[in-house]
Amino acid sequence: MKFEGKTWVYGDNIDTDVIIPARYLNTFDPKELASHCMVDIDKTFAGNVKKGDIMVGGWNFGCGSSREHAPIAIKASGVPVVIAANFARIFYRNAINVGLPVLEIGDDVKKIRNGDRLKVDISSGIIEDETTGETFHAAPLPGFIQDIAAAGGLVNYVKENA
Amino acid sequence: MTNMGMTMTQKILAKHAGMDFVKPGDLITCNLDRVLANDITAPPAIVEFRKIGKPVFDKDKIVLVPDHFIPNKDIKSAGLAKIVRDFAREHHITHYYEAGRAGIEHVILPEKGIVGPGMLIAGADSHTCTYGALGAFASGVGSTDMGVAMVTGKCWFKVPDAIKVNITGKKPDDITGKDVMLTLIGMIGVDGALYKSLEFTGDGISELDMTDRFTIANMAIEAGAKNGIFPVDEQTKAYEKGRVEHYEIFTADPDASYCRTVDINLSELKPVVAFPHLPGNTKVVGTFGDIKIDQVVIGSCTNGRLEDLKIAASIMKGRRIHPDVRCIVIPGSQQVYKEAMKAGYIDTFIDAGCVVSTPTCGPCLGGYMGILAAGERCVSTTNRNFRGRMGHVDSEVYLAGPQVAAATAIAGKIAAPKEVH
């Protein structure tokens, strides 16, 4: 899987309450969730994000609540991949489970600027920043987590392996 | 490699994976003793469950507790609750708890003996880690994990590295489990235990009652941990009398390996609060200037147990809360509510001028029952103070134990109990 898009860059400890505030959790419709995504820290995201744009976070991205609505909201915004220094563990598994690939690149993430154009190859983990010319390497997903991602999420994986 | 020792967490994971030995980093699939979801996380789990098209693995091991927007806060929430109720009826789920017959999931599961020592519990709620207080492995997962687990009875885990939290010393009277945990998160940071287990140990454990332990294990996730776990001791056994009679006790091997040890001497602790907007922004009460407060919330899966209400009531007894403060008290379960009533705590709260609510998660996540306006400040015994967590994006949440929350409600500004005596 390869993606190319413009970045939306956020900081460290982006929690799932800001990705999708609980006041919008009375629904789990992906489109509706997407319309409120990131609103508490970035009112411009939901209205301006384009299909294929890439979200970039710092350390501990997706900390807090286990709400799967968070990766669902990001995915339904048209974002095909999230890159961060690292991810909080429940967000990490939720993203893989719903078929939203995530890549961890540690401190290198600080070199990516808001609005840069990235080329991302999920299978090799190679991220090219076309704006700055820098290249970053993410560790590949381990073991059967890669199979879950390749199947497009946990439900497909379980159905295929039942 | 030679088999090195294992931590409590690693032993429980190995047992449930049918293996003799696991080590940090291993990806394993475990059999689950309980799978749990609430009114927010169950509806998407049910959608995923249906996609697989198979029956539930065990109607006695699935636990559904509508508690977040319950009693229904609006029409959409009523729809979510109805999805869960209809599913529970259709599949004859044993452990479904309707509003008015239970309470907050992480208060009622231990209280009713649905979870116990040695069990492996996955819950579609991040505070599932609460049950580590009982010597269980319990960890938060997502809705898809839950939906799949309702079919397979299994969940995948990465075996975590471990942090040893060595607790020593005598606990002063004005210190609660909340002070212990907020102090720890302040020391190691909100990602200090990311992907790791927090293994609590040391001779200070006996100073912590079960309520303290539930509070501490509950907030393991606020340090990024996969789980937090306490050894099973005489207090645990006494708690489980009449609740869970048969269980396996796991103990850490003497040569278990830990990537880090953190020491906490209880006798040195002071009452603390966590400033906005992270649970690790811990400060000792009295080391900062006056911070006026508009609202106080006492309750939640973190601090909604009888002992928490007892502490708050002992401070509020015969006093009135500050005229500029609204104080909302929420017993964590119907049983806590009844016992608090019998003990006179509810009278104390109402006489002091508090709102007393039926059990709900409501205000903790900014759902309802105590939403903050722009610029308002709240001291809360809940678990998260993220931006906008309890209401307007420009409101502020300060996390504290029940003794600081009660003293603050009386003083109108953040206060330690000794300041209002």
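The values are calculated or read from the model by the stated rules, or taken from the named source; none is laboratory data. These figures come from a predicted structure and were not determined experimentally. Don't worry about glycine lacking a Cβ; one is built from the backbone with ideal geometry, like all the others, and counts go over all protein chains shown. To get the accessible areas, we keep the full protein, side chains included, count just its heavy atoms, and leave off ligands, DNA and RNA. Shrake-Rupley method; radii C 1.70, N 1.55, O 1.52, S 1.80 Å.
Observations on the model:
- Ranking B:T348, B:S380, B:L266 by Cα position along the charge dipole of the protein assembly as shown, where only Lys, Arg, Asp and Glu carry charges on their C-beta atoms, puts B:T348 farthest toward the positive end.
- The heavy atoms of B:Y345 offer some 40 square angstrom of accessible surface to a 1.4 angstrom probe.
- If R0 is taken as 30 Å, the Cβ-Cβ distance between B:K241 and B:D58 corresponds to a FRET efficiency of 0.70.
- Peptide B:264-271 shows a mean partner chain C-beta count of 0 within 10 Å per residue C-beta.
- For the stretch B:96-152: rounded, prolate or oblate by the Cα gyration tensor [a/c cutoff 1.5]: oblate
- 1.4 Å probe, heavy atoms, protein only - residues of the stretch B:135-158 losing at least 40 Å² accessible area vs chain alone: B:T144, B:D145, B:V148, B:W156
- Choice from B:V165, B:V190, B:V284 with maximal GNM fluctuation in chain B (Cα, 10 Å cutoff): B:V284
- Left without a cysteine partner by the 4.7 Å Cβ rule in chain B: B:C30, B:C129, B:C155, B:C259, B:C301, B:C361, B:C364, B:C378.
- Residues of the stretch B:45-90 that bury at least 30 Å² of accessible area once all protein chains are present, compared with their chain alone (1.4 Å probe, heavy atoms only, ligands and nucleic acids left out), are B:K51, B:I52, B:F69, B:K76, B:L80.
- Sorting B:288-294, A:65-71, B:231-237, B:60-66 by their mean Cβ neighbour count within 10 Å, with the most densely packed peptide first, gives A:65-71, B:60-66, B:231-237, B:288-294.
- Anisotropy class of chain B from Cα gyration tensor, a/c 1.5 cut: oblate
- Segment B:E234-B:D86, length gained on full extension (0.36 nm per residue, minus Cα span): 49.2 nm
- Overall shape of the protein assembly as shown was characterised from the C-alpha gyration tensor. The equivalent ellipsoid obtained from it has semi-axes of 35, 27, 24 Å, in decreasing order.
- Among B:N72, B:N383, B:N38: highest mean-square fluctuation, GNM of chain B, C-alpha pairs under 10 Å: B:N72
- With contacts taken as Cα pairs under 8 Å at a separation of at least 6 residues, chain A carries a relative contact order of 24 percent.
- Taking every C-alpha pair closer than 8 Å and separated by at least 6 residues, the mean separation divided by the residue count of chain B gives a relative contact order of 17 percent.
- Choice from A:A139, A:A84, A:A73 with maximal GNM fluctuation in chain A (Cα, 10 Å cutoff): A:A139
- Rounded to the nearest 100, the interface formed by chains B and A buries 3700 square angstrom of accessible surface, both chains summed, with a 1.4 Å probe.
- Farthest positive-ward along the protein assembly as shown dipole, Cα basis, beta-carbon charges - from A:H36, A:G11, B:P71: B:P71
- Summed over the residues of the stretch B:272-419 and divided among them, the accessible surface reaches 34 Å² per residue at a probe radius of 1.4 Å.
- P(r) tail fraction, chain A - alpha-carbon pairs more than 25 Å apart, %: 24
- Distance in nm between pseudo-label sites at A:D42 and A:T132 (7 Å out along the Cβ direction from Cα): 1.6
- Total charge dipole magnitude, the protein assembly as shown, about the Cα centre, Cβ charges on Lys, Arg, Asp, Glu only, Debye to nearest 20: 1000
- Listed by chain and number, the aspartates and glutamates whose C-alpha is less than 18 Å from the C-alpha of A:K2, apart from same-chain residues fewer than 8 away, are A:D53, A:E104, A:D116, A:D121, A:E128, A:D129, A:E130, A:E134, A:D147.
- When nucleic acids and ligands are ignored and a 1.4 Å probe is applied, B:S206 ends up with an accessible area of around 70 Å².
- Using a simple spin-label model with pseudo-atoms 7 Å out from Cα toward Cβ, A:K110 and A:A151 lie 3.9 nm apart.
- Heavy-atom SASA rank of B:I52, A:I96 (probe 1.4 Å, accessible area, largest first): B:I52, A:I96
- Taking Cα centre as origin and charging only the Cβ of basic (Lys, Arg, +1) and acidic (Asp, Glu, -1) residues, the dipole magnitude of chain B rounds to 720 debye.
- Accessible area per residue was computed with a 1.4 Å probe on protein heavy atoms; B:F230 scores about 0 Å².
- Think of it as helices only: each DSSP H run of n ≥ 4 in chain A is worth -39500 (n - 2.57), and spread over all residues that comes to -6500 deg cm²/dmol at 222 nm.
- Part-to-part distance (alpha-carbon centres) for the stretch B:262-319 and the stretch B:6-58, which is given in Å: 34
- Annotation: lysines with alpha-carbon distance below 24 angstrom to B:K54 (same-chain offsets under eight excluded): A:K159, B:K82, B:K154.
- Screening chain B for whole DSSP H helices with an alpha carbon extent of at least 20 angstrom along the helix axis and a mean Kyte-Doolittle hydropathy of at least -1.0 yields B:75-90.
- Calculated on C-alpha atoms, the gyration radius of the stretch B:272-419 divided by its Kirkwood radius gives an Rg/Rh of 0.93.
- Treating r as the C-beta distance of B:V47 and B:K342 and R0 as 60 Å, the FRET efficiency rounds to 0.90.
- Exceeding the 32 Å Cα-Cα cut-off - candidates A:K75/B:K76; B:K270/B:K317; A:K51/B:K59; B:K61/B:K170; A:K51/A:K111: A:K51/B:K59; B:K61/B:K170
- Alpha carbon centroid spacing (whole Å) that separates the stretch B:164-212 from the stretch B:60-106: 32
- Restricting the GluC sites (Glu not before Pro) of the stretch B:79-177 to loop positions (DSSP other than H, G, I, E, B) with no more than 15 neighbouring Cβ atoms within 10 Å leaves B:E98.
- When all protein chains stay in place and ligands, DNA and RNA are ignored, the 1.4 Å accessible-area order of B:M6, B:M369, largest first, is B:M369, B:M6.
- Gyration tensor (alpha-carbon) shape descriptor, the stretch B:92-227, a/c threshold 1.5: oblate
- Projecting the Cα atoms of A:S123, A:I145, A:T135 onto the charge dipole of the stretch A:85-162 (Cβ charges, centred on the Cα centre) puts A:I145 farthest toward the positive pole.
- For the peptide A:62-75, the mean number of other protein chain Cβ atoms found within 10 angstrom of a residue's Cβ is 6.
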